[in-house]
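The values are calculated or read from the model by the stated rules, or taken from the named source; none is laboratory data. If you're wondering where the values come from, they're calculated on a predicted model, not measured in any experiment. Cβ: placed from backbone, ideal geometry, glycine included. Neighbour counts: every protein chain shown. These area figures cover heavy atoms from the full protein model, side chains too; ligands, DNA and RNA do not enter into them. Shrake-Rupley method; radii C 1.70, N 1.55, O 1.52, S 1.80 Å.
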Amino acid sequence: MDIRNIAIIAHVDHGKTTLVNQLLKESERYDEHQQMNDRVLDSNDIERERGITILAKNTAIIYKNYRINILDTPGHADFGGEVERIMHMVDGVLLLVDAFEGVMPQTRFVLKKALEAKLLPIVVVNKVDRQFADIDKTVNEIYDLFIDLGADEHQLEFPVLYASGLQGLASYVPTLNEHIRMEPILDTIIKEIPQPNQDSEASFLFQPALVDYNDYVGRMGIGKIYSGSVSANDMVTCIRMDGSLLDFRIQKIYQSMGLEKIEVETAYSGDIVSIAGLPDIHVGETICEVGKTEALPHLHIDEPTVQIT
Ligand code: GDP
């Protein structure tokens, strides 16, 4: 299956959670064989009832035979290191801007990080249904912001889509009556975002960029498989930040499916997965095949401790 890895970036409340939920629903509608998503949306509805709208750190959507991994990005400047690490894992970003509020401080902060990482942004002017939404003004503000932040020629050619996450509608044009269900966003991601390295024959290389927990296995590293593949029970080597080596056995591998994690036997190059087996796994370490120790470049870590889910 082909993979696309994107980060979703926005100022707080500009509609990330709502939009991702609608994209999930749309992918489910598209492929009715995805029984997993029923469960996903159920658990999410429960969250909704409780009034919690927290987007999972990573979500995956299966659409037209593509796996689209969507990473949530903290908007706050205190998480600069985490944002940079997320940008390192993805090949493009979905930038959401509220059509009423326009560009806000966190829009600027996260877009700056994405542009610095040389990523191609797809712009979604969101909440176009809002009374007094000013689509033209918002688009102009976004162009100005790109120029101000020094976007390169390629980045300046960003595609613009128009959406109401609330209504589950999106369009290639601003005209409201041309809006259809969410396919324009999913199709644009598939078309515009480059595919990651999917060379599963090469030797295994993985780098945790985030840390996650579950009650069953404890601490896990969330990261991208840069090359090769990995299976549960494989012996691998961890190259620690100080250069020392530690061999360990892969205990569990989890892939995102909707808003949930599912256990998989094997995971392949290009995918973003959670790996358990090393109780004190740290952000920025390299996990590789035993005897093939080639450290990936160090990741930027500027927080005192990594976030806890
Ligand atoms: P997040 O903080 O970016 O994840 O934003 P949420 O998805 O939680 O949305 C923040 C608020 O905006 C909620 O009250 C949503 O119901 C509302 N909202 C989200 N999308 C839209 C939209 O397209 N139109 C309108 N009018 N409201 C929206």
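The angle separating the long axis of helix 36-49 from the principal Cα axis of greatest extent in the chain is about 70 degrees. Only lysines eight or more places from K127 in sequence, or on another chain, were considered; those with a Cα closer than 25 Å are K16, K25, K57, K112, K113, K137, K191.
The Cα atoms of the range 188-298 give a gyration tensor whose axes a ≥ b ≥ c have a/c of 1.5 or more with a/b no greater than b/c, which makes the shape oblate. How large, in percent, is the carbon and sulfur part of the accessible surface of the chain at a probe radius of 1.4 Å? Solvent-exposed carbon and sulfur of the chain make up 49 percent of the total. Full extension of the chain segment joining M1 with Y213 gains 73.6 nm, where the gain is 0.36 nm per residue of separation less the Cα-Cα distance.
Oblate is the label for the range 156-219. Its Cα gyration tensor axes, ordered a ≥ b ≥ c, give a/c of at least 1.5 and b/c at or above a/b. The residues of the range 165-206 expose, per residue, 51 Å² of accessible area to a 1.4 Å probe. Secondary-structure-derived ellipticity at 222 nm for the chain, considering helices only, amounts to -8000 deg cm²/dmol, per-run term -39500 (n - 2.57) for DSSP H runs with n ≥ 4.
E183 to V290: FRET efficiency via 1/(1 + (r/R0)^6), r the Cβ-Cβ distance, R0 51 Å, to the nearest 0.05?
Once rounded, the FRET efficiency stands at 0.70.
GNM remark for the chain: springs join alpha carbons under 10 Å apart, and the peak mean-square fluctuation among L95, L166, L246 falls on L246. The Cα center of the range 5-31 and the Cα center of the range 173-227 differ in position by 12 Å. Computed extension gain for D242 through L176, at 0.36 nm per residue and net of the alpha carbon distance, reaches 18.2 nm.
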